[in-house]
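Only one structure is covered here, and it is reproduced in the block below.
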Amino acid sequence: MELVIEDLSKTYPSGVQALRDVSLTIPTGMFGLLGPNGAGKSTLMRTIATLQAPDRGSIRLGEIDCLRDKEALRRVLGYLPQEFGLYPNLAAEVVLDHFATLKGISKRKERARVVSALLEQTNLAHVRKANVGGFSGGMKQRLGIAIALLGAPKLVIVDEPTAGLDPTERHRFLNLLSEIGQNIVVILSTHIVEDVRELCSNVAVIAAGQVRVQGSPDALIEGLRGKIWRRRIAREALAEQQARHRVISTRLIAGTPEIRVYADALPEEGYLAVDPDLEDVYFHQVTAAAAAAAEAA
Ligand code: ADP
């Protein structure tokens with residue numbers, strides 16, 4: 001089964017064009033949607049989740065025409081939005097039981113079985129009777145995933161799920177995602193490149209409402225081979241280098257800036273060739289999109 005998005009466009013009443021002819025084919029497994037803040041990720045996620053309508057375009061999940069048959073899509077959808085509220089004074093198992101009822105699991109015994117299984121799967125069984133108001137960020141996100149997994153969805157969307165999690169919680173959350181993402185379509189929307197590199201067999205980079213590239217991380221990285229160069233420089237030299245070359249990123253290495261430059265050949269003496277990584281793919285696309293926007297303005 002595939003999620004096929006074709007020519008999706010959306011302009012908000014404010015005039016912001018959040019999506020421009022977005023086309024993506026997303027197979028089963030984990031798909032990473034990478035983009036900076038304001039790229040249009042949430043707009044795309046909300047549109048796929050049938051929470052808002054596009055101006056143009058189509059979305060199909062297998063046989064389902066998602067924009068026409070919203071109910072059919074919602075029956076197979078699990079959605080973990082960027083922000084969601086939970087009643088703080090309710091126990092985790094009560095919250096989950098409540099959502100299970102909403103999802104149409106009407107038999108009490110079956111609900112109890114499903115709730116227990118999901119609490120186990122998300123590693124929350126030991127706190128099932130604790131109020132969710134006292135949960136850490138990671139525990140809340142895992143409960144969010146448990147809610148999203150109710151009703152055995154075929155499509156799961158998670159929007160910026162690791163923001164605010166500490167490294168241990170983040171790791172646990174990503175492991176959980178990778179376990180569920182075997183036979184269904186899971187879309188992970190994020191600006192954190194590392195999350196995607198670890199988990200996703202396919203990725204797309206979106207910037208300024210447009211899909212810039214899509215493919216497997218390895219293929220995208222390979223496409224940059226021989227084109228990424230690095231150099232340690234003094235802080236004061238940054239502006240000059242930026243004026244001369246396409247600087248795609250600046251990393252601090254023990255307090256000294258190291259810049260990465262995109263160029264077909266050695267930019268100048270002092271630069272070293274590097275093995276590109278997924279961050280280079282991301283920053284190359286994001287800076288190219290910004291340069292194109294600046295030129296158009
Ligand atoms: P991302 O999730 O990648 O940060 P968004 O989809 O939230 O991107 O936003 C894309 C663009 O659309 C941004 O410029 C944002 O300000 C704008 N935008 C998002 N939601 C709305 C809205 N409800 N009304 C008007 N503009 C919006």
Residue in the range 59-71 that is touching a strand residue (DSSP E or B) at 6+ places or on another chain (Cβ under 7 Å) and not in a strand (DSSP E or B) present: yes
Go through (1) within 14 Å of the ligand (Cβ to nearest atom); (2) touching a residue at least 60 places away in the same chain (Cβ under 8 Å) and name the single condition P54 misses. (2)
Within the range 195-207, track down each residue that is surrounded by fewer than 19 Cβ atoms within 10 Å (Cβ to Cβ) and either within 16 Å of the ligand (Cβ to nearest atom) or closer than 23 Å to R246 by Cβ (or both). R197
The range 27-45, subset more than 16 Å from Q210 (Cα to Cα) and touching an Asp or Glu at 6+ places or on another chain (Cβ under 9 Å), residue surrounded by the fewest Cβ atoms within 10 Å (Cβ to Cβ): P27
Could you please find all residues in the range 1-11 being within 15 Å of the ligand (Cβ to nearest atom) and surrounded by fewer than 17 Cβ atoms within 10 Å (Cβ to Cβ)? S9, T11
So S14 ticks every box in (1) within 16 Å of the ligand (Cβ to nearest atom); (2) within 25 Å of A204 (Cα to Cα); (3) outside any helix (DSSP H, G or I) but one. Which box is left unticked? (2)
Search result, residues across the range 25-48 that are of a type in the set (D, E, K, R) and either within 7 Å of the ligand (Cβ to nearest atom) or touching a Ser or Thr at 6+ places or on another chain (Cβ under 7 Å) (or both): K41
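Every number here is computed from the coordinates shown, using simple stated rules; none is lab data. Note that this is a predicted model, so its numbers are computed, not measured. No Cβ is skipped: glycine too gets one built from the backbone with ideal geometry, and neighbour counts run over all protein chains shown.
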